[in-house]
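The values are calculated or read from the model by the stated rules, or taken from the named source; none is laboratory data. Quick caveat, the model's predicted, so the values are computed rather than measured. Cβ atoms come from the backbone with ideal geometry, glycine included; neighbour counts cover every protein chain shown.
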Amino acid sequence: MSLSKKAGTASLLLLIRRVWGAGVTFLVMAYLARELSTEDFGILAISTVLIEFISTVVVSGISEYAIFYNGDNKRAVLNAIFWFSLVASLLVILIVILLTPFWADYYGSEQIAPIVYLLLFAFVFQVLGEVPIAIFKKEINFKPLITIQMIFNILTNLGKVGLAFSGFGVFSLAIPTAVFAPLITITLFWKSGFFPKRDWGFKYWKSIIEYTKFVIGQRVLNRIVSQGDQLILGTFWGIDLLGVYALASQFANLVPSYFIPIIQNVTSPILAKNNHDLEKVKFHFKKVLRSISYACIPLLVLIIINAEYLVLTIYGPKWSGAVLPCQLIAAYLIIRCVTSPTAGLYNVLGKPKVGFYFTLAYVPIFLIALFLACSYLDFNEAIFVICLVKALGGLAHFIIVPRITNDKIASLFRVVLPIFMASGLGILATIPLTDYSGIFYFSIRSLIFMIVTFLSLRLIWKTSLSTFINDIKPMVPNRLEKLFWK
């Protein structure tokens, strides 16, 4: 099977897994939003921030290094990666256990500490599973990985529903994750065929650290940007409004959280295989930009124009305060989606320090803007500022990337501009229906947007649409090729 066909098959499998996972999560969250309070979601959000931060410190760069490494002794390197990440995780976990009581006291909730400990238990097994996952990704063999994830995703979400129905409150959001985490990891080891040996591989640790230190630094700083808003919002407006913001963010992120990993998981190994040829890297990178733009932008726009109907219908009237934040976050996520492949590009070119130094300069600007916005503006105005500053930070990567790939800024914008413009025309066509609600107007708005966007591409930006089709055509698996192209 050719590399393109292999990538296409992997993409299809990942899409099935993500769509299925999105559907299950969608239904579960609709139920939980009615059973649990906004404060419960705020407690989970502030606990998750702490866990995801330490996850970034420990796990960042591990999978990338396993994929990037093409030298000899690959099995020995994987073994060294396993022991290195395990030792690092245990050290960080010890620190978090000591800090958690102070974290709970600061945010004024006794429930935060036990939630953190449950998530921390699950985190240990997440770290252990990173090497098997990296093996599947490097080989572009996603079928066993996806099967495992789909099965346990269903079980975890059913567990959440069952516990919420039984009156476990906020703990229903964390207990199933902790229960199924070890089972997922054991299954990953079994299917990947990787079992660590007692050889610690200390001689490889230096090269692992040299590669991952900039990835870790960049992602720690990115965590400050992506989740510092939740920390500061929780401080200024309390856990209740933080719960509103967290749910709005989770809903708006349904699109990028499912599509971006699909494209990045498939394309990162391809870019890494060609990292010795800059022209091939640029070619594949632009294909990634185009694919993400066509996949994500129209769907995010549909969320923006239908946010009120979707939020109130799915989560209920008590979440009306999440409508505008959801729209603002979705608008920012359009930029994030388009610029998301840049970090992966830095890593596969062996230049993770580029992303690190940029983020190091950007974080103080973001934190100052965030603090001023929370100090002098109301809740929704502060969210607008947060999203605006994040979007500008994302666009800055379109200036950096051409410098390290000997390309032009305009060439990157030409890749994504057609779908931006076509979606903009689609939005304009739905403006007369903005003030109407209900399933009928939701359907009509969505249909008008999709028709106008497609016709705009077909009639005005035909070349871009044709290029996108040609990009994905070689990736279509053999079983579907006749259905789509013949």
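Observations on the structure shown:
- Each residue in the stretch 99-125 was checked for being over 11 Å from ILE46 (Cβ atoms) and hydrophobic (A, V, I, L, M, F, W, C), and 11 pass.
- Single residue of LEU333, LEU328, LEU312, LEU372 found to be more than 19 Å from the chain's Cα centre (by Cα) and closer than 19 Å to LEU233 by Cβ: LEU372
- The residues listed here are PHE420, PHE468; of these, the one that is assigned by TED's automatic domain parsing to the domain that holds LEU302 and modelled with pLDDT of 90 or more is PHE420.
- Unmet requirement for SER207, which otherwise passes all of (1) touching a residue at least 24 places away in the same chain (Cβ under 8 Å); (2) outside the structural domain of ILE81 (by TED's automatic domain parsing): (1)
- Any hit, the stretch 153-173, residues being touching a Gly at 6+ places or on another chain (Cβ under 8 Å), in contact (Cβ under 8 Å) with a residue 40 or more places away in the chain and more than 17 Å from ASP40 (Cβ to Cβ): yes
- Test: residue in the stretch 205-212 that is under 25 Å from LEU119 (Cα atoms) and in a helix (DSSP H, G or I): yes
- Residues of the stretch 348-389 classified as loosely packed, with under 13 Cβ neighbours inside 10 Å and not in a helix (DSSP H, G or I), total: 2
- Flag for PHE449 being modelled with pLDDT under 90 and either small (Gly, Ala, Ser) or surrounded by 12 or more Cβ atoms within 10 Å (Cβ to Cβ) (or both): no
- Test: ILE314 is touching a helix residue (DSSP H, G or I) at 6+ places or on another chain (Cβ under 9 Å), within 22 Å of SER257 (Cβ to Cβ), surrounded by fewer than 18 Cβ atoms within 10 Å (Cβ to Cβ) and in the same structural domain as SER443 (by TED's automatic domain parsing): yes
- Of the residues making up the stretch 390-416, those that are among the aliphatic types (A, V, I, L, M) and either in contact (Cβ under 8 Å) with a residue 12 or more places away in the chain or not in a helix (DSSP H, G or I) (or both) are ALA391, LEU395, ALA396, ILE400, VAL401, ILE404, LEU412, VAL415, VAL416.
- Selection within the stretch 412-436 - of a type in the set (S, T, N, Q) and loosely packed, with under 14 Cβ neighbours inside 10 Å: THR434
- Where PHE366 falls short, out of the listed (1) under 21 Å from LEU221 (Cβ atoms); (2) in contact with a Phe, Trp or Tyr (Cβ under 8 Å, 6 or more places away or on another chain); (3) aromatic (Phe, Trp, Tyr): (2)
- Answer residue from the stretch 429-438, given it is free of Cβ contacts under 8 Å to residues at least 12 places away in the same chain and of a type outside the set (Ser, Thr, Tyr) and is nearest to LYS462 (Cα to Cα) among those: ILE431
- Of the residues making up the stretch 170-186, those that are under 20 Å from ALA134 (Cβ atoms) and either among the small types (Gly, Ala, Ser) or buried (at least 19 other Cβ atoms within 10 Å of the Cβ) (or both) are ALA181, ILE184, THR185.
- Considering each residue of the stretch 154-166 in turn, at least one proves to be in a loop (DSSP other than H, G, I, E, B), surrounded by fewer than 17 Cβ atoms within 10 Å (Cβ to Cβ) and of a type outside the set (A, V, I, L, M).
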